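Take a look at the structure below.
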Amino acid sequence: MDGSCTQNFQGGSKTWQPATGVTVTYSQAGEYQRVINKRNPLSPIDYAPSDLVNVGGRYLRYQMALAFWQFADAASASGIPVTVVSGFRSYVDQASLYNSYVALYGQASADTISARAGFSEHQSGLAVDIGNPDGGCGLQECFATTPAGRFAASRAHEFGFIVRYPDGLTSWTG
């Protein structure tokens, strides 16, 4: 193993070499470089950003909105419409969503499909779920096979985005 990282997508893959000597710093929730996942909560746990802007009826932090609009413009120029499916969710909204999954599927399953309140990237205002304007394959694995999904897989990095949950890496991504 050479330490490189590969992300596969339909039509190819991207491989890169991670930087050496990088230290992850757990900073305040309002900062842009923040690891938020099932093991690293926001601090404060009920954090809400102050710079949210409306993007198609969903809210993103201002800098995230600018990046999304550039991404959407590039997709549109390629004949591929995209839309925001989900953006900022408050602590209360995330708790409600998680609890609805617990009620439907049980806690073990809910933990595989939703973050608990205070542990969601969406609460930072820096996470965006994208989709097709027609709603097809929204928040489903089949999205990767749509033109918008393929565009995101091949070009999202140009706008500062990552595909957060690449296929086959659940043990790594959580």
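Scanning the range 61-72 for residues being without any contact (Cβ under 8 Å) to a residue 40 or more places away in the chain, surrounded by fewer than 18 Cβ atoms within 10 Å (Cβ to Cβ) and either hydroxyl-bearing (Ser, Thr, Tyr) or over 22 Å from Ile36 (Cβ atoms) (or both) gives a total of 2. Of Thr146, Thr173, all but one fail to be hydroxyl-bearing (Ser, Thr, Tyr), touching a Cys at 6+ places or on another chain (Cβ under 9 Å) and either at pLDDT 80 or above or surrounded by fewer than 18 Cβ atoms within 10 Å (Cβ to Cβ) (or both); the exception is Thr146.
Restricting attention to the range 19-50, the residues being at pLDDT 50 or above and surrounded by fewer than 11 Cβ atoms within 10 Å (Cβ to Cβ) number 4. Filtered by the rule that a residue be within 17 Å of Ser90 (Cβ to Cβ), free of Cβ contacts under 8 Å to residues at least 40 places away in the same chain and in a loop (DSSP other than H, G, I, E, B), the range 45-57 gives Ser50, Gly57. Is there a residue in the range 72-79 that is within 20 Å of Gly136 (Cα to Cα) and within 14 Å of the chain's Cα centre (by Cα)? No, the conditions are met nowhere in the range 72-79.
Annotation: of all residues in the range 73-107 being under 13 Å from Ile130 (Cα atoms) and out of contact with any Pro (no Cβ under 8 Å at 6 or more places or on another chain), the one that is surrounded by the most Cβ atoms within 10 Å (Cβ to Cβ) is Gly87. Only a single item in (1) within 14 Å of the chain's Cα centre (by Cα); (2) farther than 19 Å from Pro41 by Cα; (3) surrounded by fewer than 19 Cβ atoms within 10 Å (Cβ to Cβ) is not met by Ile130, and it is number (3).
Quick one: Asn99 ticks every box in (1) under 26 Å from Pro44 (Cα atoms); (2) in contact with a Leu (Cβ under 8 Å, 6 or more places away or on another chain) bar one, so which box is it? Asn99 satisfies all of (1) under 26 Å from Pro44 (Cα atoms); (2) in contact with a Leu (Cβ under 8 Å, 6 or more places away or on another chain) except (2).
Tally the residues that are within 18 Å of Ala152 (Cα to Cα) and within 15 Å of the chain's Cα centre (by Cα), restricting the search to the range 61-71. Outline the logic, then answer.
Filtering the range 61-71 down to residues within 18 Å of Ala152 (Cα to Cα) leaves 64-71.
With the extra rule that they be within 15 Å of the chain's Cα centre (by Cα), the set shrinks to 64-65, 67-68, 71.
Final tally of qualifying residues: 5.
The values are calculated or read from the model by the stated rules, or taken from the named source; none is laboratory data. Because the structure is a prediction, the values reported are computed rather than measured. Positions of Cβ are generated from backbone atoms using ideal geometry, with glycine treated the same way; all protein chains shown enter the neighbour counts.
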